[in-house]
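Just so you know, all these numbers are worked out from the coordinates, no wet-lab data involved. Owing to the predicted nature of the structure, the values given are computational and were not obtained by experimental measurement. As a convention, Cβ positions derive from the backbone with ideal geometry for all residues, glycine included, and neighbour counts pool all protein chains shown.
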Amino acid sequence: MILKKISQAVIEGDVEGVKEMANQGLEEGITPQQLLDDGVLAGMEVVGERFKNFDMYIPEVLKSARVMHTVMDILRPKLVSSDGGESSSSKGTVVLGTVEGDMHDIGKNLVSLMLEGAGFKVVDIGIDQSPKSFVEAVEKEKPQIVGMSALLTTTAPKIGETVEALKEAGVRDSVKIMAGGAVIDQAFVDENGVDAYGPSATAAMDIAQQFVNEVKQNAS
């Protein structure tokens, strides 16, 4: 019952109520992993579907994201393993950033929220990030996916430059790359060595899940 209540709190954006629910779940002996998977992420899955189908809008998604982060603040210390590693619940790691010269972050931030809600660990390196910054983040975080955002025609070429920088650093083949933004389309990513184009936050989430599934299939 408490798991359903947490899911519903996520969907409804009930920040205050969810704190009590999360602590109650822990007191009842429900594992942090189960609270995350069957409570928080189950709720965010509904949010993602509703957003995709235009049954929810950005302000509502942001409220749900606040609830998710509230519960994660409670669960994170209990989810981290004894050796300091991340919880096994993570589907994978995504490095996200807006390319050099571009200060826009609304779309990137929404993609970050949707990916976190789907169970990914997101390393958001921010706006105005150089190709070198992306390379350094990949070398440090060892992600499976890199996501780049560009909203200006003048900054879009930085995506291709970043792909080249990743190649020169010898890490291009270790990651899948997706890109999005107002000036990005399928033809652009095809020309610039990007693996996929995400026209929306939910599309980016679906692409990331597809990438992870491909990795799993190749490993089996």
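Under a plain spin-label model, where a point goes 7 Å from the Cα along Cα-to-Cβ, how far apart in nm are Thr153 and Glu60?
Result for the modelled spin labels: 3.6 nm.
Helix 15-27: angle to the longest alpha-carbon principal axis of the chain, degrees 0 to 90, nearest 10?
That works out to roughly 70 degrees.
In debye, nearest 20, what is the charge dipole magnitude of the chain about its Cα centre with +1 on Lys and Arg Cβ and -1 on Asp and Glu Cβ, if you could check? Don't jump to the answer; show the numbers that get you there.
On the way: 20 positive and 34 negative charges, 54 e Å.
Taking the Cα centre of the chain as origin, the dipole is about 260 debye.
Calculate the length of the line joining the C-alpha centroid of region 19-83 to that of region 128-176, in whole Å.
Going from one Cα centre to the other spans 30 Å.
Grab the Cα-Cα distance for Arg76 and Asp37, subtract it from 0.36 nm times how many residues apart they are, and report the gain in nm with one decimal.
12.8 nm
Please give the calculated 222 nm ellipticity per residue for the chain, where each DSSP H segment of at least 4 residues contributes -39500 (n - 2.57) and the sum is spread over every residue; nearest 500 deg cm²/dmol?
-17000 deg cm²/dmol
Calculate how large, on average over all directions, the projected area of the Cα convex hull of the chain is; give the answer in nm² to one decimal.
12.7 nm²
Given labels modelled 7 Å from the Cα in the Cβ direction, how far is it in nm from Lys4 to Gln210?
3.5 nm
Restrict the search to region 1-106; then list the chymotrypsin sites (Phe, Trp or Tyr not before Pro) that DSSP places in a loop and that have at most 11 other Cβ atoms within 10 Å of their Cβ.
Phe54, Tyr57
Treating the angle as unsigned and between 0 and 90°, give the value, to the nearest 10°, between the Cα long axis of helix 201-219 and the longest Cα principal axis of the chain.
90 degrees
Which listed residue (Tyr57, Gly198, Gln210) has the Cα farthest towards the positive end of the charge dipole for the chain, taking +1 on Lys and Arg C-beta and -1 on Asp and Glu C-beta about the Cα centre?
Looking along the dipole axis, the top candidate is Gln210.
Calculate how large, on average over all directions, the projected area of the Cα convex hull of region 93-219 is; give the answer in nm² to one decimal.
Result: 6.6 nm².
Using +1 on the beta carbon of Lys and Arg, -1 on that of Asp and Glu, and nothing else charged, what's the dipole of region 2-79 about the Cα centre, debye to 20? All intermediate terms of the calculation are to be shown ahead of the outcome.
Details: 9 positive and 13 negative charges, 35 e Å.
Once rounded to the nearest 20, the dipole reads 180 debye.
Can you give the relative contact order of the chain as a percent, counting alpha carbon pairs under 8 Å and 6+ residues apart?
Dividing the mean separation by the residue count of the chain yields 17 percent.
Filter Lys4/Lys91; Lys140/Lys167; Lys52/Lys91; Lys63/Lys142; Lys5/Lys121 down to the pairs with a C-alpha to C-alpha distance above 27 Å, please. Walk me through the numbers on the way to the answer.
Working: Lys4/Lys91 22 Å; Lys140/Lys167 16 Å; Lys52/Lys91 21 Å; Lys63/Lys142 30 Å; Lys5/Lys121 24 Å.
Among Lys4/Lys91; Lys140/Lys167; Lys52/Lys91; Lys63/Lys142; Lys5/Lys121, the Cα-Cα distance tops 27 Å for Lys63/Lys142.
Which order, highest average first, do 100-110, 5-15 follow once you tally other Cβ atoms within 10 Å for each residue and take the mean per peptide?
Descending mean neighbour count gives 5-15, 100-110.
What is the dipole size for region 165-215, taken about its Cα centre, with +1 at each Lys and Arg Cβ and -1 at each Asp and Glu Cβ, in debye to the nearest 20?
140 debye
Please give the helix 106-117 orientation as an angle from the longest Cα principal axis of the chain, in degrees from 0 to 90, rounded to the nearest 10.
Relative to the chain, helix 106-117 is tipped by roughly 50 degrees.
Towards the positive end of the charge dipole of the chain, with charges on Cβ (+1 Lys, Arg; -1 Asp, Glu), say which of Val67, Ser130, Val175 has the farthest Cα.
In the chain, that residue is Val67.
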